[in-house]
1. Is at least one residue of the stretch B:432-451 away from chain A (no Cβ under 12 Å) and closer than 29 Å to residue B:392 by Cβ?
2. Restricting attention to strands (runs of 3 or more DSSP E) lying wholly within the stretch A:187-285, give those where 3 or more residues are in contact with a strand residue (DSSP E or B) (Cβ under 7 Å, 6 or more places away or on another chain) and within 13 Å of another protein chain (Cβ to nearest Cβ).
3. Taking only the stretch B:419-449 into account, find how many residues are crowded, with 17+ Cβ neighbours inside 10 Å and within 17 Å of residue B:137 (Cα to Cα).
4. For residue A:169, work out the one condition from (1) surrounded by fewer than 22 Cβ atoms within 10 Å (Cβ to Cβ); (2) within 11 Å of chain B (Cβ to nearest Cβ); (3) under 17 Å from the mean Cα position of the chain (by Cα) it doesn't fulfil.
5. Check whether at least one residue in the stretch A:57-73 is over 21 Å from residue B:360 (Cα atoms), surrounded by fewer than 17 Cβ atoms within 10 Å (Cβ to Cβ) and either free of Cβ contacts under 8 Å to residues at least 40 places away in the same chain or not assigned by TED's automatic domain parsing to the domain that holds residue A:293 (or both), and report yes or no.
6. Would you mind finding the one in A:309, A:303 that is in contact with a helix residue (DSSP H, G or I) (Cβ under 8 Å, 6 or more places away or on another chain) and in a loop (DSSP other than H, G, I, E, B)?
7. Restrict the check to the stretch A:42-54 and report whether at least one residue is within 23 Å of residue B:368 (Cβ to Cβ) and in contact with a strand residue (DSSP E or B) (Cβ under 6 Å, 6 or more places away or on another chain).
8. From A:131, A:163, which residue is in a loop (DSSP other than H, G, I, E, B), under 22 Å from the mean Cα position of the chain (by Cα), closer than 30 Å to residue A:289 by Cα and within 14 Å of chain B (Cβ to nearest Cβ)?
């Protein structure tokens, strides 16, 4: 090694050593805190946590991942630092509950403000927001009155776009179809739906709306909040402007609804703070913030959705229990495999 | 190695029910996709890498001085980003097809034919564009270090320049190319995010489906083990095929005879190299710059600095540790007389063939019991339990990277040591020098170029790595890749472009620096 390389290496080592010291001392100095394992993106929940810290002085620590969070919690066991789990999609909450990784939180606030359809009967998990699995249709079709069942209708042959059938949002929808129509009929529906696709399932929910804008298809499946988010994105606004957002099955059981939610970790080390944060997330100010920044529907009936979301109109939600949706998940996946939906 | 054994042992209890369901429905397609993808990507990367390396070393291809390092740069691009950029670009709704429709007044897809990017073929080409630099770098180094006397001799014996390349230079570079190809193969097969953009379902899809969808981690581990065995088989088969071939000369002539290309050949040759550089690096990088220009602010750039520091920190340690371990394994393999001397190196190399998240979980299964033991001991001595020390720490991430990227460091340093004549190993005995003096005075200086390449490759890979760091990290710990992932997973790639540029630039610095370093030493 030349002397200059030596110098650089020494310098690097020193910086790194300093950095590590700074980092560990930061951890040691933490006072009142609460630890969150989040399936939700930090930038979505950070404004909420900042507000909580501002009013209580309790620091909120977050680690975010989408795959393997429950395995991490399970392996950490009784020494896990996690206090609260934040998730999207009902099946993840139920998985945590079934693996006995959550504990009961009989908070009077939570049980009174969150409708019973949107929390577990044993008070281990609670929804915070709801989102609809909407059907987007091209404006060129005019007003349509559509049911999920119509996705299998031959008149849409080659005109439907969707993301992977095995994405959690689509799996939950298929689970609700099984609850309504049974296994055999749902498989037939899936096969016909598959035959109607304009292209192999691909991309994300926004990409399907883009495809409608480009006249590749007329109909797509997508969560409600993406419509709002596309409308405020400078590049994507034209896509959203090309479609209508439809709430399916309004004349019968109602539109399929999924949730984002939370649970108290079984071995929560900061249980007092954790309960405070959970109550806070269900409070009116937090629910309003959720509604405005994420364009989701607040779970509280006394908090209105954002003006934009409200402008899409009131809708009837499917009353099917979320626990049944989660229970049907594996069967739904098997049917999706059997229909070779993604291939 | 330990995490890999944990993985296999967890796979043994797999349920046969789920396996037979998958087998009857989608698994055969996944397997054939996996085989085809692996074959295409390896073939394409070897073509891209070997041809460009040969042109750079053996010909007067135009722009050689720039191309020499430009062709390494695609490596700094995270594959999932390039995949996203290209699928977005060539999609039906993407700008290319939109413009064509506008120009020719085509109404819809019935009016014209355009290739579908979201196919096995599209995925193979794009992945090869990102991964070929492995082949290019190792093949180029091999060509440069070859004894030119051999090539000269072959010419004297009446072979044409072309023949002597195919009959002498290429076979001599085969071990290096094979190492690079196996890295490409492992990276391709362990990948999930990239193939997902292309809507191509592979064995990795099945691994994630069984684990996350069917909540059956055991079957997922079993599938991951099958993947690992498949790769093991391929690599061993290749090694068997060239067993017994060895060449070393003690006085190496490094003066290269440059082939002067004819005008037509020059156009094709430089066109080929520039096309690789443009499609693999320049074009996607410009697309990222445009996105960042449109969607980001300078404040956001400064806000990324702490994450960048974390990325560098983790990547630096991972690269350094991997190199140290690789040196130990390589020297053991070289100097030991034990009949199992190849084993540690081979086994440690398979971390690269396992999907990142699956490896991360094996890592957790390894650390959790150790953490529990520490707590039990503390309790036994009446101390308050310290909680989890290893799980969810920066150490866990660095350890995971060292396991994951061992194959890269091992392969690179091992192909380097093969260039050192065996006769040197026997020198100390005759000169009365002890082993450690010999290693520090002779082997390490000779291995220096390979050590740098290995360090660099692991550093760049660790900067890009996502699934393991995502799952293993401590609270509030963000790297550039986790920052980008947050945005991509909310369908906001545009906002993530800035972080991606940061990753690419930080990956570029060592590549360029290394290249200067090498140029200086070679002069």
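1. Looking through the stretch B:432-451, none of the residues is away from chain A (no Cβ under 12 Å) and closer than 29 Å to residue B:392 by Cβ.
2. Qualifying strands (runs of 3 or more DSSP E): A:219-223.
3. 3
4. (2)
5. Within the stretch A:57-73 (the criterion being over 21 Å from residue B:360 (Cα atoms), surrounded by fewer than 17 Cβ atoms within 10 Å (Cβ to Cβ) and either free of Cβ contacts under 8 Å to residues at least 40 places away in the same chain or not assigned by TED's automatic domain parsing to the domain that holds residue A:293 (or both)), the answer is yes, since at least one residue qualifies.
6. Numbers: A:309 fails: in a loop (DSSP other than H, G, I, E, B).
Matching residue, one of A:309, A:303: A:303.
7. Step one: list which residues in the stretch A:42-54 are within 23 Å of residue B:368 (Cβ to Cβ), which gives none.
So far as the stretch A:42-54 goes, no, none of its residues is within 23 Å of residue B:368 (Cβ to Cβ) and in contact with a strand residue (DSSP E or B) (Cβ under 6 Å, 6 or more places away or on another chain).
8. Only one candidate passes the filter, namely A:163.
The values are calculated or read from the model by the stated rules, or taken from the named source; none is laboratory data. These numbers were taken from a predicted model, which means no experiment stands behind them. Using ideal geometry, Cβ is built from the backbone for each residue, glycine included, and neighbour counts are taken over all protein chains shown.
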